[in-house]
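I have placed the structure first, in the form of structure tokens, so that the comments after it can refer back to it.
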Amino acid sequence: MPEEPTVNGDGADDGDTSSDGVVRRERFSGGPARGFLSSLAADERIFAADLAVDRAHVVMLEERGIVEAETAGEILVALDQIEDAGHDALPDGEDVHEAIETAVIDRVGPDGGRMHTARSRNDEVATCIRYRLREDLLDAAQATLEARGALIETAEAERETIMPGFTHLQPAQPTTVAHWALSYERAIAREIERLVAAYARTNQSPLGAAAFAGTPFEIDRERTAELLGFDGTMDNAMDAVSARDFLVESTAALASLATTLSGLAEDVVLYANKGYIEVDDSYASTSSIMPQKKNPDTLELVRARAGDAAAGLNGLLSTLKGLPRAYNRDLQRAGGHAWRTIDGVSEATEVAAGAVATAEWNEKALADAAGEGFSTATGVADALAMAGVPFRMAHEVVAGAAEAAGETDFQTLDAATRKVLDAPLTEYVDRETVEAALDPTESVASRDSPGGPAPGAVADQIATARDEHATDSDALADRRANLDAAAQTLQAEVETYV
Ligand code: ARG
């Protein structure tokens, strides 16, 4: 049989064989840097993935007549036993791929060494990472979908709960809790799109690329891709083993999600400070010294996870920057950044969703605050502009009133109008219109442009959000069903041998 390509520093995989084929490997695995070289402990994350990849590869090798059916059966039985024994029972090795292969050879004898025909650890590890990450991406997208659902329920329940809206953290215009919740729902919908886009490019099979240069064996790359539930195969073998942009894209999507959630968390922390919202006890902590304290700590930690995620993305990009073609061992350090990020952000997403879902909005405090700081000023200027006054002049009138008196009412507005426009206010708008514009609830009701906070506009947004949530939910379920179906097909294939 032709030898596996031995180019490009794939030293530990290189040729030399003895009776069991592991002599050369032993020569390179005993030095003081042994622990430094090994990724075995961290590879627990891809233990199940590696077993699946091994199974699909062995099935394909047998179907292509590269490995005999009996040998394939023995290897597949060994893989089942190795799975049952678990990752912790693996023999020592530089990584999970080597350890599983050693465990197979231990059970099957030298023929177990046929498992690694027509592949390298380079395409193997890339396949394992993609195989595992896609599950994690679906889980993250599912958690995000649930956070989105919690925000839709908040919007539904607080459709007409008036609250102050801020810019620069200054009272700006009255809005509703529903409008606020939907603002995050929309943002989170885009985060899901980004996760799904990352999933699409992650779910491509590098298997069969071998070390980077392909293989003389007549393998069937589509077949292993299909058995492993990949949507396709990577076109270029050198790209297939080198590329980690799917990790970058996934980690970036998670960092973006975490950043959005950090804003949401910050809002809740601020609103708790002002008494607008009360975080449920199960999402709060107290102080070890100040008995009266109830702190929104979980949301502070959600806010902090955005820092971890940014660090993860940074670590990943820094690791990948400037790596030459094709495989380099630096890549062994890439996955950890992505795993830590996906775990940290997924957890934060669940906590944020739970904190929002269980929080109590204080209607009275919100309503009282909604009119503070002359937050209806824009509405008065709009009323004047709707009566034909150029908006810039209307702005000046209201600004004049706001400046002249801390509290702004019909009288002060009238005085300002006389000053700026040389006419009484009622020449433009009647008193009732002015009073309505000054009232936070009426102010909100008047802003029914698409995307606005008026109850009708919010109802439209809730309907859209519910529709899209259901569509995205179905799409995620389809992807998961495809993976489950592939896993079952692979299992059924394996059973024909064992
Ligand atoms: N443990 C390695 C990794 O995670 C697997 C590939 C090793 N390949 C090699 N040529 N040394 O990247």
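What to note about this one:
- Rounded, prolate or oblate (a/c below 1.5 giving rounded, otherwise prolate when a/b exceeds b/c) for the range 117-175 by Cα gyration tensor: oblate
- Its relative contact order, with pairs defined as Cα atoms under 8 Å and 6+ residues apart, puts the range 424-498 at 10 percent.
- Label-to-label distance, nm, for residues given as Glu70 and Ala197 (7 Å Cα→Cβ offset): 5.4
- Each Cα pair under 8 Å and six or more residues apart adds its sequence gap; the mean of these over the residue count of the range 402-467 is a relative contact order of 15 percent.
- For the range 388-433, chymotrypsin sites (Phe, Trp or Tyr not before Pro) meeting the loop criterion (DSSP other than H, G, I, E, B) and having at most 11 other Cβ atoms within 10 Å: none.
- Loop-located GluC sites (Glu not before Pro) in the range 324-396 (DSSP state not H, G, I, E or B) with no more than 10 neighbouring Cβ atoms inside 10 Å do not occur.
- Cβ-based charge dipole, the range 430-491, positive-most Cα from Leu476, Gly451, Thr489: Thr489
- Each Cα pair under 8 Å and six or more residues apart adds its sequence gap; the mean of these over the residue count of the chain is a relative contact order of 18 percent.
- Per residue Cα convex hull volume in Å³ - calculated over the chain: 184
- Whole-Å distance, taken between Cα centres, linking the range 42-65 and the range 271-323: 39
- Count, lysine Cα pairs under 23 Å in the chain, 8 or more residues apart or across chains: 5
- Three-way shape label, the range 192-240, alpha-carbon gyration tensor, a/c 1.5: oblate
- Farthest toward positive dipole pole in the range 95-206 [+1 Lys/Arg, -1 Asp/Glu at C-beta], among His116, Thr176, Ala140: His116
Since every read-out is calculated from the coordinates, none of them should be taken as a lab result. Everything numeric in this text was worked out from a predicted model, so none of it was measured. With ideal geometry, Cβ positions are generated from the backbone for all residues, glycine too; neighbour counts draw on all protein chains shown.
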